[in-house]
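What follows is one structure encoded as structure tokens, with my remarks underneath.
Coordinate-derived values only; no laboratory data. Bear in mind the structure is a predicted one, so any value in this text is a computation, not a measurement. Glycine also receives a Cβ, built like all others from the backbone with ideal geometry; neighbour counts cover every protein chain displayed.
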Amino acid sequence: MKRVLLHSAFWLVYLLQDTVLEFVWVGPALKNIPEDVQFWMAFKAAIAAVLPKLLFTYFILYVVIKEIIKGNVRLSWIILQVMAAFIIIIILHRIVFVYYINPVIYGGVLKERPLFHVLSVLLAVMDIGFVSGVAITMKLLRIQLVAREREKNLIKEKLGAELKFLRHQTNPHFLFNTLNNIYALARKQSEHTAEVVMRLSKLLRFILYESKSNLITIEDELRILDDYIALEKIRYDRLTIHFQREIDESSGKIAPLLLLPLVENAFKHGASESRFDSFIRIHVQLQQGRLTFNIENTKENHTAEEIRDNIGLGNVRRQLELMYKEYDLQLQNEPHLFSVRLYINLTSYAQV
């Protein structure tokens, strides 16, 4: 219905424009006829003249363009069809003017040229070409806009699917590490085993349900970090953890499970590989939608080799690319210390 209304509006506007042109063009030859009658005659002439234009325009829109889009017909055959249709429409256009508009509508007042007079044929080409060209251009623009919107939606769906895959990839990675911790405690017959299982259940509940949202509050994200740290502290006796936070608005929004892999990485490659006293320092600052997250951990391999992203860091980097327009992730590997600095403008959320 909407398409019918749009097409009707287009042709109505064209008819009014063509009526005005016809009125101005023919008016001097109809001096003894009142202007309101002249305008009515011009309107009837415009209606009669529009019929060949309608036929040619819709032939191009719904036959030729569809064949081009499908790509099943050779270009030479399409060109031949258009040329044949154009010639037929020009002939029909001239017949309407010579045998109907002039003798019937204008009562033979106008001096009409022969059917195939060169100047008259050229005017017919311009008359048909103008309205058909405008209509075809609008159709092609609409097709292009629809194609761009479809492409945009496909890209959005692809990025959304990739983001879900990254989060699902992170979840088993986290679960695998935590189950290793529970296994180690169970072998020691530790009294903390039940507590660890309970905390793991709490974390998994969050991962399965709340992390499905595009955004969660900073408060919820930090609560998950607290639960994870508490779970890990049970395992490591000679580990000191400093967790400092400066939050101006705890209800600020952030993508879920974005900070957890960074903390998990500090435990996995710091405390778990350390034979002596070690520490993890975490500092979170949120000021006016700007988040700065710093975390550093001791290490004992005494090397400062080139940093390579593991699964956790690689996933964080890719999620940042998908979800935020303004961010910075920096890694620093020193002989005794590994540090990560993450900056995010949380207001630059990309709406994947």
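The table below gives the values:
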item: Computed [θ] at 222 nm, deg cm²/dmol, the chain (DSSP H ≥ 4; -39,500 (n - 2.57); rounded to nearest 500); result: -20000 deg cm²/dmol
item: Within a Gaussian network of the chain (alpha carbon springs, distance under 10 Å), most fluctuating of 78, 247, 216; result: 78
item: Antiparallel bridges, percent of DSSP beta bridges restricted to the chain (to nearest 5); result: 75
item: For the chain: relative contact order, % (alpha-carbon pairs under 8 angstrom, 6 or more apart); result: 11
item: Within segment 183-221, GluC sites (Glu not before Pro) in DSSP loop having at most 12 other beta-carbon neighbours inside 10 Å; result: 191
item: Segment 2-116: Rg to Rh, with Rh as the Kirkwood radius over Cα pairs; result: 1.08
item: Per-peptide average of other Cβ atoms within 10 Å, ordering 255-263, 64-72 highest first; result: 255-263, 64-72
item: Evaluated over the chain, the Cα radius of gyration and Dmax, each in Å; result: 37.2, 115
item: GNM result for the chain, Cα springs below 10 Å: residue of 135, 29, 266 fluctuating most strongly; result: 29
item: Gain in span if fully extended, residue 227 to residue 100, counting 0.36 nm per residue against the direct Cα distance; result: 36.9 nm
item: Lys/Arg +1, Asp/Glu -1 at C-beta; the chain dipole; positive extreme among 289, 258, 57; result: 57
item: Given charges at beta-carbon only (K, R positive; D, E negative), |dipole| of the chain in Debye; result: 1340
